[in-house]
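The values are calculated or read from the model by the stated rules, or taken from the named source; none is laboratory data. Owing to the predicted nature of the structure, the values given are computational and were not obtained by experimental measurement. Here Cβ is always computed from backbone atoms with ideal geometry, including for glycine, and neighbour counts include all displayed protein chains. Surface accessibility is based on the protein's heavy atoms, side chains included, excluding ligands, DNA and RNA. Shrake-Rupley method; radii C 1.70, N 1.55, O 1.52, S 1.80 Å.
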Amino acid sequence: MSGLWQSRRKPAILLFCLVVGAFCIPGSAVDPRGEPVNLDNLTPYTIPAAAWSDRYSDIAINWPAPEKPGIQQLTTFIGWWGSSISDSLLRWQVAENDRPLDVKLVSRNFRPDKVVEVDSVDDVTLTVSVAYPLRNTLAVEFVFANPGPASRNFHLTFDYPGKGVAPDWEGAFPIGLITGIEGAPEGSWTTLFQHREHGRNVYGVSQFVAGMIEGTPLELTCISDLTPKTVSIAPRSTAKFTLAMGLGKNRGIAQDGFNTASALIATGWTPAVETARIEKLISSAPPLPRRYSDAAHQRLYAHAITTLNSLFVYGEGGYFEGNRIPYTTKQGLAIPYFWDSMISALGAREFDPELSQETVEAFLRNATPRGSLPFTLADTHRAGEGQAPILTWAAWKIYGKSHDRAWLARTYPGMRAYVNYWCKYHSSARGLAMWSNTGEIADNDARWDPAFSGKPIMYGMSTPPLKGVESPDLNAFLFNEMNYLALAAKELGLAAESREWEKRRDKLGKLMVDVMYFPQDAMFYDVKEGTKEKFSGVKSPNLFLPLWAGVPLPAQEVKRIIEGHLLNPAEFYRSDMPIPSLSFDNPGFNPMGYWRGRIWPHINYWMIETLWRYGYKTEADSLADRVMKVFQSSPWIQENYPGDPKLIEQMGEMTRSGQSGHETRGLYAHSSSSPDYGWSAAVLIEIALERYKEAGEP
């Protein structure tokens, strides 16, 4: 499917579709009661990591000073981490008869389809709506409403990056300088920023790196016509105009965006086109079950759908090859990680299976010579050899939605090769797979402390190497992958290969039980390579993943594990919060610890599936409700949450009161959770649709 989406981007076709769409897109986002979902202020775009983006753009806007007027901070999330370009993208001043008038912010409405600012200018109301009519292109509509009996004549001027700065420099163009552009309309500008690499400089992904390096200069150009405007407003009437701003990695791309957007505006485009498109996006997802059909959950569902959709970025011919791939967030941990992307693809299949298919295929097309897949993948560079092997699991779920057999046939060889990579290059002599670095699963998990002289790994230690540990979670993932490879092979008519996968799966499952299961403890544990000796004896929810995958155990043993540990309130299952990343009874439990006590939504989802699969349906439903409640605690859908109900509440209070500051990762009650995070949005969607009730089904 390489370049599948690219084929849809011809300007003439796009122009026709957008203009006609204003009149032909039916319906609106509605809940089961037939009431429209309220998209007003769905999520605050007030920090860079939760900035506003749309149409698979790699630019985003946020308002770090929401009490001030104007379109504020412009960022780009090309490569790794994200870069701030300008703190003020567009401001406007109004004068009448050469007398400056105060422009006072009245309100701002953060919506996924548009951001609407209402200003007062004397007694006239100015409504400014900004939307994305195209990728990396903005349209800004100004509407003046004059309530008085006299005509008004306003003169508007604009401030923008690089205003008054001539493109006159000596030597190398300075990084960060923003200048005007010769021969382009007033309001156009260009700048250079530095590419950020997540590759050679990070141990966990340094095994196989290609692409742009740290510090490579990249250009961002804006073409716009911001010459002063004169607006005449009749008594008790309105007047309006709309500006286009095309942005791109060079002048030509920015000019194309500006030209196409200007043509759209000339032929009747309004922000209502984007409202209809976003409403259609939300309506394309399945309706929520009655249990979650109230207005609050409908808004939460719409928040997750629009957030996840906005994280997908279109590739411009680099390692994405014209596919759309989900970033994790928009600044900070901003890059497509392997297992994050597979979980995001799982959620996206509910409203756009093609996004999910493109994600899987993009990773497979960037395989290394030995079949491993990228740990991180940006359009500018690829790095590492993957994380938790869950690609085939995600792909089979996506196939169940798309029923695209040609895609399954195209991706099957790469899925097969990736599982074989783990079995050949990262397995012990007896055939149990081993993690090669901590970032492949849980960066600073207490399980790994013995590998580092008993000292806890601090967050930010660049995912250090891990050797000599055979782990139940990794082998459970591979057992699961083999199961789905058997199903895929059978679907493709490869009967002999399907049977071979089943044999390999069963052999691995038996070995896992023989070596990693400790019946005296009713628990799976990590073991030292080649032995049946516990590596650390630390309990984490990851050690229940053999049950999630369906590793064969007698029913009585399953019951002992679930009731003795997973449902034990002294270890994991409390009625006032979801499951933490480390057992409560561990001396090192820290509710703020990254993988040492915090709550991870995707791990909780797998635990919900595990409970449902083995008949603990009431407990599964209860845990699902608790996760959904945690999602509602903050204005943003967090990467993870504190492992303590009081701290969760504190985090919510601080974010709602605006005390979050402008930190890239949201430093309010904690410092290690990114807002509006991809896999959390995906998990919210899956729980809301009760997909966990399909656990154990092929």
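Laid out as a table, the results:
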item	result
Of the criteria (1) open to solvent by 10 Å² or more (accessible area, probe 1.4 Å); (2) farther than 22 Å from Pro472 by Cα; (3) free of Cβ contacts under 8 Å to residues at least 60 places away in the same chain; (4) not in a loop (DSSP other than H, G, I, E, B), which one Lys424 fails	(2)
Residue within segment 453-466 that is farther than 22 Å from Pro374 by Cα and under 27 Å from the mean Cα position of the chain (by Cα) present	yes
Flag if Asp352 is open to solvent by 10 Å² or more (accessible area, probe 1.4 Å), within 23 Å of Ser674 (Cα to Cα) and charged (D, E, K, R)	no
Matching option when the condition is under 26 Å from Trp595 (Cα atoms), in contact with an Asp or Glu (Cβ under 9 Å, 6 or more places away or on another chain) and surrounded by 15 or more Cβ atoms within 10 Å (Cβ to Cβ), among Trp448, Trp407	Trp448
Segment 177-201, residues that are in contact (Cβ under 8 Å) with a residue 24 or more places away in the chain and hydrophobic (A, V, I, L, M, F, W, C)	Ile178, Ile181, Ala184, Trp189, Leu192, Phe193
Leading residue by the ranking (farthest from Gly79 (Cα to Cα)) among those in segment 323-338 that are touching a residue at least 60 places away in the same chain (Cβ under 8 Å) and in contact with a strand residue (DSSP E or B) (Cβ under 7 Å, 6 or more places away or on another chain)	Arg324
Those residues of segment 574-606 which are open to solvent by 30 Å² or more (accessible area, probe 1.4 Å) and closer than 13 Å to Leu623 by Cα, in sequence order	Arg574, Ser575, Asp576
Which listed residue is acidic (Asp, Glu), open to solvent by 10 Å² or more (accessible area, probe 1.4 Å), touching a Phe, Trp or Tyr at 6+ places or on another chain (Cβ under 9 Å) and farther than 21 Å from Asn475 by Cα, from Glu609, Glu571	Glu571
Single residue of segment 188-231 satisfying the filter (in contact with a helix residue (DSSP H, G or I) (Cβ under 8 Å, 6 or more places away or on another chain) and not in a loop (DSSP other than H, G, I, E, B)) that is most open to solvent (accessible area, probe 1.4 Å)	Thr190
Spans of strands (runs of 3 or more DSSP E) in segment 63-169 with at least 1 residues open to solvent by 30 Å² or more (accessible area, probe 1.4 Å)	83-86, 91-96, 99-101, 103-110, 115-121, 124-134, 137-146, 152-159
Segment 475-497, residues that are open to solvent by less than 50 Å² (accessible area, probe 1.4 Å), farther than 21 Å from Gly431 by Cβ and assigned to a helix (DSSP H, G or I)	Leu487, Ala488
Flag for Gly615 being modelled with pLDDT of 95 or more, within 24 Å of Asp340 (Cβ to Cβ) and among the small types (Gly, Ala, Ser)	no
Failed item in (1) open to solvent by less than 50 Å² (accessible area, probe 1.4 Å); (2) in a helix (DSSP H, G or I), with Arg382 passing the rest	(2)
Residue under evaluation Lys240, criteria (1) open to solvent by less than 70 Å² (accessible area, probe 1.4 Å); (2) assigned to a strand (DSSP E or B); (3) not aromatic (Phe, Trp, Tyr), criterion not met	(1)
Residues within segment 245-295 that are out of contact with any helix residue (DSSP H, G or I) (no Cβ under 8 Å at 6 or more places or on another chain), among the charged types (D, E, K, R) and under 23 Å from Asn109 (Cβ atoms), tallied	4
Cβ-Cβ under 7 Å pairs, at least 6 apart or on other chains, segment 435-453 side in contact (Cβ under 8 Å) with a residue 24 or more places away in the chain, far side open to solvent by 10 Å² or more (accessible area, probe 1.4 Å) and aromatic (Phe, Trp, Tyr)	Asn437/Tyr203; Asp443/Tyr459; Asp443/Tyr594; Asn444/Tyr459; Asn444/Tyr594; Pro450/Phe535
Yes/no for Asp514 being surrounded by fewer than 16 Cβ atoms within 10 Å (Cβ to Cβ), without any contact (Cβ under 8 Å) to a residue 24 or more places away in the chain and assigned to a helix (DSSP H, G or I)	yes
Filter result for the condition that a residue is more than 24 Å from His303 (Cα to Cα) and out of contact with any Gly (no Cβ under 9 Å at 6 or more places or on another chain), over Leu105, Leu89, Leu74, Leu126	Leu126
Segment 520-558: number of residues that are part of a helix (DSSP H, G or I) and either farther than 21 Å from Leu611 by Cβ or without any contact (Cβ under 8 Å) to a residue 40 or more places away in the chain (or both)	2
Residue count, segment 123-140 (criterion: of a type outside the set (Gly, Ala, Ser) and touching a Leu at 6+ places or on another chain (Cβ under 8 Å))	8
Inter-residue pairs, beta-carbon under 9 Å, first more than 23 Å from Leu226 (Cβ to Cβ) and in segment 163-176, second of a type outside the set (A, V, I, L, M, F, W, C), 6+ apart	Ala172/Pro217; Ile175/Thr191; Ile175/Gln194; Ile175/Gly215; Ile175/Pro217
Condition met for Thr307 (closer than 13 Å to Ala348 by Cα and among the hydroxyl-bearing types (Ser, Thr, Tyr))	yes
Flag for Tyr45 being under 29 Å from Ala304 (Cβ atoms), assigned to a strand (DSSP E or B) and of a type in the set (Phe, Trp, Tyr)	no
